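Visitor: Provided herewith is a single structure, encoded as structure tokens, for subsequent inquiry.
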């Protein structure tokens, strides 16, 4: 009986080790996933301070999760809520800011022009919404055969931190282990003008509006892969 008990204990121990091994391999096989979060409340506060909350709305379309190098552009929607103000988006003075300021490029289906060419402002007439895909100039690479530019690099180069210097490697490890979040922002420059003469007395608005649109990036835990969590 004692021998049988010892054998059962050995079998149980091996079984537990096997389950633990398979479980760890399963976790390791799950690709790292990250989440981009737009801090909409901060933008709403800025619009309120400039008395523009009833005239302009800004939003971004983001998925629930991304792989580390997946997100190469931002889908932005700018709403002109007013009745008599024309809103112009000044793309050339809009920038993406992380550790440095990066020029923003408004994407087009067939981007063949030189990226250094000035970009025309986009007009948003009253009661309309403009939706565009934008990214940083430095994410583009030119196809030598087709002569077109396409976004090849991620907006936030997280894997690039891994091959950087000591501080960058530490930041990468802290991010991957969930100890730190990354931050960046879109500095959106808008120019406002009257559509027609004769604004009502007392109605004022700034001719130039700079809106800081901040984002945080965080590493998702492996549990995101569970079916009931992926739906959130």
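The values are calculated or read from the model by the stated rules, or taken from the named source; none is laboratory data. Keep in mind the model is a prediction, meaning the values are calculated, not measured. Every residue, glycine among them, receives a Cβ derived from its backbone with ideal geometry; neighbour counts consider all protein chains shown.
Visitor: Identify all residues within region 156-194 that are in contact (Cβ under 8 Å) with a residue 24 or more places away in the chain and assigned to a loop (DSSP other than H, G, I, E, B); write none if there are none.
Guide: 156, 157, 177, 178, 181
Visitor: Now, a different point. Across region 69-79, what is the number of residues that are buried (at least 17 other Cβ atoms within 10 Å of the Cβ) and in contact with a strand residue (DSSP E or B) (Cβ under 6 Å, 6 or more places away or on another chain)?
Guide: Going through region 69-79 one residue at a time, the tally reaches 6.
Visitor: Pull out all pairs, ordered by first then second residue, where Cβ-Cβ is under 6 Å, the residues are six or more apart or on different chains, the first lies in region 130-155 and is closer than 14 Å to residue 98 by Cβ, and the second is part of a helix (DSSP H, G or I).
Guide: Matching pairs, first to second residue: 153/139.
Visitor: I've got another one for you. Within the bounds of region 97-110, is there any residue that is in contact (Cβ under 8 Å) with a residue 60 or more places away in the chain, outside any strand (DSSP E or B) and within 20 Å of the chain's Cα centre (by Cα)?
Guide: There is at least one residue in region 97-110 that is in contact (Cβ under 8 Å) with a residue 60 or more places away in the chain, outside any strand (DSSP E or B) and within 20 Å of the chain's Cα centre (by Cα).
Visitor: Got a sec? Which of 127, 153 is assigned to a loop (DSSP other than H, G, I, E, B) and on the phi > 0 side of the Ramachandran plot?
Guide: The unique qualifying residue is 127.
Visitor: Provide a single number: the residues in region 109-148 that are within 26 Å of residue 59 (Cβ to Cβ), surrounded by fewer than 15 Cβ atoms within 10 Å (Cβ to Cβ) and modelled with pLDDT under 85.
Guide: Total meeting the criteria: 1.
Visitor: I would also like to ask the following. Looking at region 49-71, which of its residues are under 19 Å from residue 186 (Cα atoms), in contact (Cβ under 8 Å) with a residue 24 or more places away in the chain, touching a helix residue (DSSP H, G or I) at 6+ places or on another chain (Cβ under 8 Å) and part of a loop (DSSP other than H, G, I, E, B)?
Guide: Answer for region 49-71, where residues must be under 19 Å from residue 186 (Cα atoms), in contact (Cβ under 8 Å) with a residue 24 or more places away in the chain, touching a helix residue (DSSP H, G or I) at 6+ places or on another chain (Cβ under 8 Å) and part of a loop (DSSP other than H, G, I, E, B): just 69.
Visitor: Test residue 82 against the criterion of being within 26 Å of residue 44 (Cα to Cα), without any contact (Cβ under 8 Å) to a residue 60 or more places away in the chain, crowded, with 18+ Cβ neighbours inside 10 Å and out of contact with any helix residue (DSSP H, G or I) (no Cβ under 8 Å at 6 or more places or on another chain), and give yes or no.
Guide: yes
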